[in-house]
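The values are calculated or read from the model by the stated rules, or taken from the named source; none is laboratory data. Keep in mind it's a predicted model, so treat the numbers as computed, not measured. Ideal geometry is used to build each Cβ from the backbone, glycine not excepted, and the neighbour counts take in all protein chains shown. Keep in mind that these areas ignore ligands, DNA and RNA; they rest on the heavy atoms of the full protein, side chains included. Shrake-Rupley method; radii C 1.70, N 1.55, O 1.52, S 1.80 Å.
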Amino acid sequence: MIFIIILIIGLYFILSKSNNVGVAVGDIAPNATFTLINGTKINLYNFHGKYVLLYFIVTWCETCAEGLHILSQIIPTLASKNITVIVVESYNDLGYQGIPLNEFIKSYANSNITFYYGYAN
């Protein structure tokens, strides 16, 4: 009887791990498409084999603004490690009114940074 209980518990843990959702650092990201500020679309598949940092923001969030400011200051370090940064405004600013994304960028990021900026669908 104890053997059967141990077997059932073991199967539960094995099967439950296969149902996990999400990605960890170093995993291959699921394919996604984002619309950039200029209207062009980029696909994560285009960055296959490269390191990508997705930074999701909302334009009414002070913490998001400070994070973008910090990211823009460490761009040389990120670039030296071949890390591409894609800043993505969460869909519809999560339902709250924020400033337009281009104004957010002008206010909180260095003008010479090489991030991609776009919108989540």
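Can you tell me the length gained on complete extension of the stretch Asn110 to Ala79, counting 0.36 nm per residue apart and subtracting the Cα distance? Mind dumping the intermediate values first?
Values: separation 31, 0.36 × 31 = 11.16 nm, distance 1.47 nm.
Additional length available on full extension: 9.7 nm.
Rounded to two decimals, what is the ratio between the C-alpha radius of gyration of segment 38-101 and 2.2 N^0.38 Å? Before the final figure, lay out the partial values.
On the way: Rg = 13.1 Å, N = 64, 2.2 N^0.38 = 10.7 Å.
Normalised Rg, Cα atoms only: 1.23.
Taking all pairs of distinct Cα atoms, average 1/r, flip it, and tell me the Kirkwood hydrodynamic radius of segment 66-116 in Å to one decimal place.
Working: mean 1/r = 0.0841 Å⁻¹.
Its Kirkwood hydrodynamic radius stands at 11.9 Å.
Report in % the part of the accessible area of segment 49-121 that belongs to carbon and sulfur, leaving out ligands and nucleic acids; probe 1.4 Å. Taking all protein chains in place, segment 49-121 shows 53 percent carbon and sulfur surface.
At the residue level, Thr40 shows approximately 70 square angstrom of accessible surface with a 1.4 angstrom probe and all protein chains present.
Approximating the spin labels as points 7 Å out from Cα along Cα→Cβ, the Phe47-to-Gln97 distance works out to 3.2 nm.
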